[in-house]
Structures are given as structure tokens and as C-alpha cells.
Amino acid sequence: MLSKYFEMKTKTKKFDDDLLWSMGEIKDKKVLLYGAGQGFIKLNETYDFKNNLNIIGIADRKFECVHNCECECGCECSKEFLGIRTIAPSQIINEDYDVILITNESYKPILKYLIDELFIRNKDIRTVFNEEIKDEQPNLNYLYKHNFDKTLPKLLKKLKNKRVVFYGAGVYLELIKKYFDISSINVIAISDKKFENSDISEYLGYKTCAPKQIKALNPDYVIMTTKFYINIFEYLNDDLLKGSKIKIKPLVRKSFWTLVKEIWN
């Protein structure tokens, strides 16, 4: 089953532009693909790697005992995958290629394996998935795990015609702003401790303010835009906004037990 990150990332124009550009650059080179899962099958339907690139083979851990294998380990013992010759990852060092193209969305462990274990350091290694935002993949999947796509419309309705301050200026908010439409929220400022002694007046298109300035702005809501927010809620509720009528809510709602687990972990 494909992840939400895969589904959303591959729909973006930038993903398409970047992959087509990369394929254009390497079309005359000998390309070794890495990754033969459901994601590759889906990508291949659109980009037809075999007919658009000079593919010499495809590697995947499930092909480790592919050649002359008579074991009962449950591996996918086939010397071809979608008409492409299969290669055991451990045998990559014996292959004649110019470029390795990693098609997995979780590419970092593969890069580490190629560089640290196979010592491939003088070859062009490329990835189909590239993070534009730190921890883009796990954070987007985390949002869907907690049904953010379903709770967001309810929050937007609650915040209609309300003055809002976002608290938390980091990659989590950047990711949400990129993949979800929160433009209807009347954000009068975004606050973070890093703006206390800073000349930064704008972040992600929002006016910035130091936490101590929030009260003076008199918002209806402070929306916590961080992944983990229990400590932030205590800071806002028990200290910074104590005695005010400003309401504090998280941008991403979580179950009670999720919050308990995150506190103890």
C-alpha cells in the first residue's frame, strides 16, 4: 500500500519537473535502478523507465538470492522484474553502470548502504524523491495518521472571522502550509521564541512577533503549530497568556493516549 506522502508528493508539479529533468540528464548513460516495490510499479506507469532510459538492471534486497536460488526463504526469485534484469544489491559493485537512480521514497537507508557498506563513492547516485522540507516524509505521514485532513476543515470553520496567532515557526508548519490549504485563516502574526531578539519581520508570508507581544495583538486564538505541544500549552496557558481570554488550540489534534505516549517518550 502506497503511503500518503507518496500519493501527495508525486502529484506535485515540482516532483514531475525534477524527475523529468533528471531523466533527461541521464538518458544517454547506463542507469541502474534501485527499488522494486509498489512505488516503483506506480512510477513506472507514468515515466516508463525502461523505454526512456538505458536501464542495465534493477536492484532490490528481495533479489539477494535471486540467481540459481532453490531456497525456501520466500524471496521473489525472478531474474526479471517488469522486463528489467534483476540485480542483488550486494552485486552492484560488479555491474557496469554510470548512474544509480533510487526510486524508493525512503531513500536515506539505501544511500547509507551504498556509500558505507558497498563503498560506492565515485559514481553518480540520484534519488527520485528529494526532501524540500526537513523530515518531509515522516511528518506528512504523521499528519495523516492523526487524521489531519479530516480535522482541518472543522478547525477552519471554527476560526472563520477570528484573529489568529500561530505559535511555532518551524518545518512542521512549513510542511502543512505546502500540502494543505490554510489560507482562509486570518493569521495576524506568527510567534516563536526565536523571534525575541531577531530582525526577521516575516516568516512563510506571515508577520512575526515575539511571544511577549502576543497579548498586545489581542488575538481570538493562539494556534500551536508545532508537532509536540504539551510543554508549549503549559507555557502559554500558565505563564504567557495567563489571565487573558485568548483561546489556545493545537493545529493538529491528537488522541489523549497519543499525547500520553509522547510525554513519556
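The values are calculated or read from the model by the stated rules, or taken from the named source; none is laboratory data. This is a predicted model, so every value here is computed, not measured. Cβ placement follows ideal geometry from the backbone for every residue including glycine, while neighbour counts extend to all protein chains displayed.
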Scanning the stretch 1-45 for residues that are among the polar types (S, T, N, Q), within 17 Å of the chain's Cα centre (by Cα) and over 15 Å from Gln137 (Cβ atoms) gives none
Checked Lys42, Lys14, Lys50, Lys62 against criteria (loosely packed, with under 12 Cβ neighbours inside 10 Å and either in a helix (DSSP H, G or I) or modelled with pLDDT of 95 or more (or both)); the one match is Lys14
Pairing a residue in the stretch 188-202 that is closer than 16 Å to Ile248 by Cβ and at pLDDT 90 or above with any residue that is assigned to a loop (DSSP other than H, G, I, E, B) and among the basic types (Lys, Arg), where Cβ atoms lie under 9 Å and the two sit 6 or more apart in sequence or on different chains, gives Ile188/Arg163
For this session: Please work out if Met8 is of a type in the set (A, V, I, L, M), at pLDDT below 95 and assigned by TED's automatic domain parsing to the domain that holds Leu114.
Result: yes
Residues in the stretch 108-129 that are of a type outside the set (Lys, Arg), part of a loop (DSSP other than H, G, I, E, B) and touching a helix residue (DSSP H, G or I) at 6+ places or on another chain (Cβ under 9 Å) total 5
For Glu117, the lone unmet condition from (1) at pLDDT 95 or above; (2) surrounded by 15 or more Cβ atoms within 10 Å (Cβ to Cβ); (3) closer than 30 Å to Ile100 by Cα; (4) not basic (Lys, Arg) is (2)
The condition of being of a type in the set (Lys, Arg) and at pLDDT 95 or above holds, among Lys160, Lys145, only for Lys160
With the first residue restricted to the stretch 144-158 and required to be over 10 Å from Arg253 (Cβ atoms), and the second required to be of a type in the set (A, V, I, L, M), Cβ contacts under 8 Å at 6 or more apart or on different chains are Asp149/Leu143; Leu156/Ile182; Leu156/Ile185
Here the qualifying pairs (Cβ atoms under 8 Å; residues six or more apart or on different chains; first in the stretch 94-105 and assigned by TED's automatic domain parsing to the domain that holds Glu25; second among the acidic types (Asp, Glu) and surrounded by fewer than 21 Cβ atoms within 10 Å (Cβ to Cβ)) come out as Asp98/Asp124; Val99/Asp124; Ile100/Asp124
If you go through Gly24, Gly39, the only one that is within 27 Å of Lys178 (Cβ to Cβ), in contact (Cβ under 8 Å) with a residue 60 or more places away in the chain and in the same structural domain as Tyr97 (by TED's automatic domain parsing) is Gly39
